[in-house]
Every structure is written in structure tokens, then in C-alpha cells.
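The numbers here are math on the coordinates, done by the rules we state, and not lab data. Computed from a predicted model, the values in this text were never measured in an experiment. Positions of Cβ are backbone-derived with ideal geometry, glycine not excepted, and every protein chain shown enters the neighbour counts.
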Amino acid sequence: MAIAKMGAAEVEEFLRKEFPQAFSSDDIRIESADGETALLRQRFSERMLRPGGTVSGPTLMGLADFAMYVVLLSAIGPVGLAVTTNLNINFLRKGQPGQDVLAVAKLLKLGKRLAVGEVNLLSGSSPDPIAHVTATYSIPNI
């Protein structure tokens, strides 16, 4: 197991200070981050829904990208300029209205300049993912 450079509380503090436009409304909570994995919860809101009453694709993509950023920060420390270079999402089933969305992120490979990870998105307490994401982040030379 990798040694985390930042825990969930430290990542949250960093994001509130450095990235408040994305992490100030308290609709997303970092439940855990350990340098290899992270668990985030986005509280249900009507704003998440698209016509037809399902959780929207942009909501899921945004949460997955954010979860990948959190797990990466927990592994490398406060490197604000790490950025997404690729994100691929497969929508697997409908996210249920009225349910929080959970993002379970895992780093698959952490190199000096690139990190690759995956995120499973879950609706409420169902164990079946509603989407699967792979993402690559570029790490700046620090």
C-alpha cells in the first residue's frame, strides 16, 4: 500500500483554499483518500437530473474527474496544476433519482509525469456501477 501524502481532511482543506469554485458548495464530500483509493459522495440534488429523471452524464463525468483528482492529490500531495489529459466514460445503467452518487476511485499507475486511474460510480446503496471511468492525469514537473 502506498503512503498517502495527504489524507481526506488535508485534500479537502487544500481544495477549499485552492479550488473553491469546484469545492465550496458542500454537495460533494470526500469520505476517504489513502494514496491509492478515494471514496467521494455527491449528495442528491434535483440539479443532477436530466429530462426523464436520470442522473445526467455531465454530473457523472464531473464527479469522476473530481474523484480522480482527489486520489491523485492524496498520492502526490498538494500539486494543484495536475490536470486531466484523458477521460473515458462508459454509462452502464440509469442512476436513480433521489439517491446520492458514490465515486470509488483507484490509481492504477502512478508515474513521474502521468497517472492512470479508474472510477466506478454507484447510485445509492446498489453495488452495480452506473458508470465506469478511466482517466489519465498529467503531473507537472515540480
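Counting only residues that are under 15 Å from the mean Cα position of the chain (by Cα) and surrounded by fewer than 19 Cβ atoms within 10 Å (Cβ to Cβ), which one in the range 40-53 is farthest from Glu118 (Cα to Cα)? Working first, answer last.
Of all residues in the range 40-53, those under 15 Å from the mean Cα position of the chain (by Cα) come to 40-43.
Checking the rest, the ones that are also surrounded by fewer than 19 Cβ atoms within 10 Å (Cβ to Cβ) come to 41, 43.
Working: Arg41: 16, Arg43: 21 Å.
Across the range 40-53, the extreme among qualifying residues is Arg43.
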(message) Within the range 103-127, take every residue that is buried (at least 22 other Cβ atoms within 10 Å of the Cβ) and not aliphatic (A, V, I, L, M) and give me the one that is farthest from Ser56 (Cα to Cα).
(response) Gly117
(request) Specify the residue that is surrounded by the most Cβ atoms within 10 Å (Cβ to Cβ); the eligible residues are those in the range 54-71 that are within 13 Å of Ile28 (Cβ to Cβ) and hydroxyl-bearing (Ser, Thr, Tyr). (result) Tyr69
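Please go through the range 6-35 and give me each residue that is of a type outside the set (Asp, Glu) and crowded, with 17+ Cβ neighbours inside 10 Å, ordered by number.
Within the range 6-35, Met6, Ala8, Val11, Phe14, Leu15, Phe23, Ile28, Ile30, Ala33, Gly35 qualify.
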(request) Of the conditions (1) closer than 14 Å to Ile76 by Cα; (2) in contact (Cβ under 8 Å) with a residue 40 or more places away in the chain, Ile3 clears all except one; give me its number. (result) (2)
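Given the criterion of a type outside the set (S, T, N, Q), under 21 Å from Val133 (Cα atoms) and in contact with an Asp or Glu (Cβ under 6 Å, 6 or more places away or on another chain), identify the matching residue among Leu107, Leu63.
On the way: Leu63 fails: in contact with an Asp or Glu (Cβ under 6 Å, 6 or more places away or on another chain).
Every option except Leu107 fails the conditions.
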